[in-house]
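Working notes for the structure below.
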Amino acid sequence: MKVLLDSNVLVSALFFEGKERLVLSLVAAGKVRGVFSEYVLKEVVDVVDAKFSGLPSTPVWRAWRASQRT
């Protein structure tokens with residue numbers, strides 16, 4: 001099954017527990033296939049940098065950022 005992920009779902013999954021995090025964990029476990037564009041990824045980084053820069057980063061966000069550097 002493919003799941004289209006938008007920036008709102010990804011940001012929520014990275015910083016808050018809930019259904020969005022569950023969806024992202026299913027993608028990470030390979031149980032569903034997450035589909036998103038490069039534009040969505042850029043938007044996630046921009047939103048997080050603008051709105052969450054003063055908050056301590058979560059392990060999920062640190063892993064996300066590390067994966068974007070490669």
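The values are calculated or read from the model by the stated rules, or taken from the named source; none is laboratory data. Remember, predicted model here, so these are calculated numbers, not experimental data. Methodologically, a virtual Cβ is constructed for each residue, glycine included, from the backbone with ideal geometry; neighbour enumeration extends over all protein chains shown. Ligands, DNA and RNA are stripped out before the accessible areas are found, and what is left, the full protein with its side chains, is counted by its heavy atoms. Shrake-Rupley method; radii C 1.70, N 1.55, O 1.52, S 1.80 Å.
Just the residues that are open to solvent by less than 60 Å² (accessible area, probe 1.4 Å) and modelled with pLDDT under 70, please, taken from the stretch 29-70.
S57, T58, V60, W61, W64
Out of all the residues in the stretch 1-17, which are farther than 15 Å from K51 by Cβ and surrounded by fewer than 12 Cβ atoms within 10 Å (Cβ to Cβ)?
M1, K2, L4, E17, listed by residue number.
Could you please tell me which pairs satisfy a Cβ distance under 9 Å, a separation of 6+ or placement on different chains, a first residue in the stretch 2-31 that is in a loop (DSSP other than H, G, I, E, B), and a second residue that is of a type outside the set (A, V, I, L, M)?
Matching pairs, first to second residue: L5/E20; L5/G34; L5/F36; D6/F36; D6/E43; G18/S12; K31/S25.
In the stretch 5-20, what residues are closer than 17 Å to A63 by Cβ and of a type in the set (S, T, N, Q)?
S12
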